[in-house]
Structures are given as C-alpha cells and as structure tokens.
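S.K.: Here's a structure for you.
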Amino acid sequence: MERILQYVWKYGLYGHSPLCTTEGLPVSVIDPGIENRDAGPDFFNAKIRIADTLWAGSVEIHDRASDWLRHHHDQDKAYDGVILHVVGVEDAEIVRTTGEPIPMLRLSVPPAVQANVDWLLSKELPVSCLPRMQEVDPVHITGWMDALLSERLERKSADLLKLLAHYQGDWNEVCYVSLTRSFGFGINNDAFERLARSLPFRYIQKQRISSSQVEAMLFGQAGMLNETYPCEYYRLLQREYAFLRHKYGLTPLDEFVFKQLRLRPHSFPQVKLAQLAAIWCRHDTLFSKIIEAHTPGEIKALFRLLPSDYWLTHYQFSHVSTSSEKWIGDKARDILLINTVVPLYFAYGQHKKLPEYCGRAIRLLESIQPERNHIITTFQQGGISVKHAGDTQALIQLRREYCEKRKCLYCRIGFRLLKRCGEEGSKK
C-alpha cells in the first residue's frame, strides 16, 4: 500500500478532489519533490502550500501514521525537515524530535487506480499489461525504449568497469572474459565466464602460436580432457594440457557445469570452445582491433574464422561426424557484437570520457537486425514494433528489470495506463 501511495503522490494521480490536512487546512502541491531511493525521507525538495503558507522541504509517506513512530522518525533529526506526512490511515499523531507537530495529509488511492494496480500486479501473464499496451501512445513507448536501452548499456558498462578494476586496467583481460562469456550463447554464459576467470588471458597469449596448446588449455580447463577416447588428437590435447597445467598451476573446472542437453550440434560447448581458440590464435590484442574498427563489417570480419581442421569432422570428442565447416555464423557474430563489442565501446567511452564511443555503441546496435526470441515475440504480440537490435535490447531490459520483477509502478507504460485510469476515474 505504501508503495502505491508513493506512486500516486509522485505522479499526482489523486485526481482533482481538493486536498487538505487532517486539521482541515487546504493543501496545494506545487512540486511533489524528488524521489529518494536511499535512507531518509521519501521525497526531497518538495514545495507545498498549506493554507496561506508556502513550505519547502521533505515529504514522508507511510501506509499508517503510526509507522512514523514504529520507525523511530520522531527520534531522528534527519526527519526534522519533513513538511508533510502523507498517510493512508490516520491512526497516530506524529512530531519532530523537537516535539513540534507535522502537518498530515490522508491520501486516498482513487478506485480506478487501485483496481488497475491490482490488475497489473496480479496478472499471471509474462507481461501484465500486454492486452492493453496498444492504449499507450507510441511516442511514449519510443521514449521509454530509449531510456531502457540506456539503462541496459549503463548496467553492462558498470559490470565491465568493475572487471577493469579487478584486472588493474587491463582492457585485454576484460575483452577476453566478456567475449568468452558471450560464447556461452545464453545457456552456458556463466560456465564460460568461470572458465575465462580460471584461465588468465596472458597464458593464452604466451601459447597462441600453437593452436593445439590453446585448445588444450581451454578444453582442459573446461574439464573435457578426462576421458580415454581412442583418438590421437584427443590424447595430444591431454598431453599438452598436462604440461601446461603444471607450468601455470591451473585448476580445471568440472565438465558438468557446461550444459549440452537440447542444444543443436553446432551449439555444443566443444564447438564453441574450438571457435574461441581460433579467435585467440588469430588475434593477440583483439581489444585494440575492435576499438580501431570503423564499420560493422570490419568488426564482424574479426570473428569470421574456422576452428582447427579436427573440427571439420567432429562436434565433440567422442565420435566422428560428417564433414562440416564450423564457421562462426552471421547470427552468432551479431550476438557477439551485441553482447561484447557494444558494451565494450560504451564502457570504454565512459571510462575514457570519449562520448563518441558511446555513440558508436548505439549506432552499432542500430545496424544489427533485431534479435529473435520469446521475449521479443511477446512484446510484438502487444503491438510493439522492433527495427533493430537497439529496440530488442531495450525490450529485454523491460522484461528482465520491470515485468519479471513486477515493477509496473516504475514502468512508464504502467504509469501511462494508471494515469489514464486515474484521469478517467476523476471525470466520473
């Protein structure tokens, strides 16, 4: 209830009914204030007119007035600047630490807003507002998607900058971990990242002249060289890894962390590791090549590679298959650009204070075809059109951070629907 009251207050969804304090004094909201997500009052820098007096300060909102006492705000000087206490239920008188009473406003949630909040939060659909999404003006949806894309890029950038700090400013290591994670292609992302973190990139750089040694390190660290297959190449990798494991003091992962069930052969983790090995054998400093590339075509060419000849007739070590070249395909390269190159550009631009790289990240997304998955299909059913990967990344952010977490009250689409209901309700 308290969260709904905060929402109603923030967006002025209380309709056109006159507001007044519990003592009967008229209240005019000039500015509801800035929402505070940290400790302290709920809204800062609010401007409220009570009767003939203009007040500037903080606003605190509670479900029940007695929550003020239960939270010990009457003993906390941080709340002495509160100029209005907004409550759903008036069940106590509240004061500042000085004993001075604070004006109190009992705020009712309009029935239309409450009904629609209940409807949004109780729906079992993957996207609660999907049946009514077309009621929202496309202009508002477009603006929201731009903000969602920025949120997603900011979050990914923050993750990379933490990684940069961990690796003491080494962008090559950051690129290595990020790209290796992306080679998990969703289902194996976490496992591939664990692999990268267990095998420092500098070790691969030292052995990159030998494709068998790079493959040995990747497959060995992935725990995939512990069998007794009658295959000469497999036994070669075992010998190479035994030597390199001792040389670098490596501790392999357990093979079971890599998922293979229901994957198509071209998506088997063994194939992806072989493709990854080909990249590191070809590129010593891939990060610098990515930064220096000027077009999407130049970037994609960096990943247009074949793994070693062994993988022409294998998808895994256990048996031979029909000959098939295991190129890193166009769709796979698009995913690598979306999940690795774009965040790298954005993080690099933020870190170096070079906004042109942030702009390059967005333009790169706009040059890539929309992603296809169940999340995008769901929103398309709601009438949202997608033109490029920037749109699909925004929708993934919306689904993950708002729909799945039922944060409808913080979503601009949810807000527009609730505001519309509030306005319609106030006219009745």
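The values are calculated or read from the model by the stated rules, or taken from the named source; none is laboratory data. Given the structure is predicted, the values throughout are model-derived calculations rather than measurements. All Cβ positions, glycine included, derive from the backbone under ideal geometry; neighbour counts span all protein chains shown.
S.K.: Among the helices (runs of 4 or more DSSP H) lying completely within the range 192-302, list those that include at least 2 residues that are among the acidic types (Asp, Glu) and buried (at least 19 other Cβ atoms within 10 Å of the Cβ).
M.R.: Values: elements: 201-207, 211-221, 232-248, 269-282, 286-292, 296-301.
Output list is empty.
Quick grid of which residues meet (1) in contact (Cβ under 8 Å) with a residue 12 or more places away in the chain; (2) more than 17 Å from Leu164 (Cα to Cα):
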position	(1), (2)
Trp327	yes, yes
Ala332	yes, yes
Phe346	yes, no
Gln350	yes, no
Glu356	no, yes
Ile362	yes, yes
Glu366	yes, yes
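S.K.: Looking at the range 307-360, which of the residues that are under 21 Å from Arg235 (Cβ atoms) and in contact with a Phe, Trp or Tyr (Cβ under 8 Å, 6 or more places away or on another chain) is surrounded by the most Cβ atoms within 10 Å (Cβ to Cβ)? Talk me through it step by step, then tell me what you get.
M.R.: Looking only at the range 307-360, we keep the residues that are under 21 Å from Arg235 (Cβ atoms), and these are 307-321.
If we keep only those that are in contact with a Phe, Trp or Tyr (Cβ under 8 Å, 6 or more places away or on another chain) as well, we get 310, 315-318, 321.
Working: Tyr310: 18, Tyr315: 22, Gln316: 15, Phe317: 16, Ser318: 11, Ser321: 12.
Per the stated criteria, the residue is Tyr315.
S.K.: Can you tell me which residue in the range 48-67 is surrounded by the fewest Cβ atoms within 10 Å (Cβ to Cβ), limited to those that are outside any strand (DSSP E or B) and more than 35 Å from the chain's Cα centre (by Cα)?
M.R.: Let us first name the residues in the range 48-67 that are outside any strand (DSSP E or B), namely 51-52, 65-67.
Those left that are additionally more than 35 Å from the chain's Cα centre (by Cα): 51-52, 65-66.
Details: Ala51: 13, Asp52: 7, Ala65: 20, Ser66: 16.
Of everything passing the filter in the range 48-67, Asp52 is surrounded by the fewest Cβ atoms within 10 Å (Cβ to Cβ).
S.K.: Taking the range 4-33 only, how many residues are closer than 19 Å to Ile50 by Cβ, outside any loop (DSSP other than H, G, I, E, B), touching a residue at least 60 places away in the same chain (Cβ under 8 Å) and out of contact with any Leu (no Cβ under 7 Å at 6 or more places or on another chain)?
M.R.: Residues in the range 4-33 being closer than 19 Å to Ile50 by Cβ, outside any loop (DSSP other than H, G, I, E, B), touching a residue at least 60 places away in the same chain (Cβ under 8 Å) and out of contact with any Leu (no Cβ under 7 Å at 6 or more places or on another chain): 1 in total.
S.K.: Quick check, is Gln221 modelled with pLDDT of 95 or more, of a type outside the set (Gly, Ala, Ser) and closer than 28 Å to Val342 by Cβ? Let's see the steps before the verdict.
M.R.: On the way: modelled with pLDDT of 95 or more: yes; of a type outside the set (Gly, Ala, Ser): yes; closer than 28 Å to Val342 by Cβ: yes.
Spelling it out, Gln221 is indeed modelled with pLDDT of 95 or more, of a type outside the set (Gly, Ala, Ser) and closer than 28 Å to Val342 by Cβ.
S.K.: Moving to a separate point now. Does the range 383-390 contain at least one residue that is touching a Leu at 6+ places or on another chain (Cβ under 7 Å) and at pLDDT below 90?
M.R.: No, the range 383-390 has no match at all.
S.K.: Can you give me the number of residues within the range 8-39 that are surrounded by 15 or more Cβ atoms within 10 Å (Cβ to Cβ), farther than 17 Å from Met104 by Cβ and either touching a Phe, Trp or Tyr at 6+ places or on another chain (Cβ under 8 Å) or not assigned by TED's automatic domain parsing to the domain that holds Asp74 (or both)?
M.R.: 4
Let's see how each residue does on (1) crowded, with 19+ Cβ neighbours inside 10 Å; (2) part of a helix (DSSP H, G or I); (3) touching a residue at least 24 places away in the same chain (Cβ under 8 Å):
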| position | (1), (2), (3) |
| --- | --- |
| Leu69 | no, yes, yes |
| Ile83 | yes, no, yes |
| Val113 | yes, yes, yes |
| Pro126 | no, no, yes |
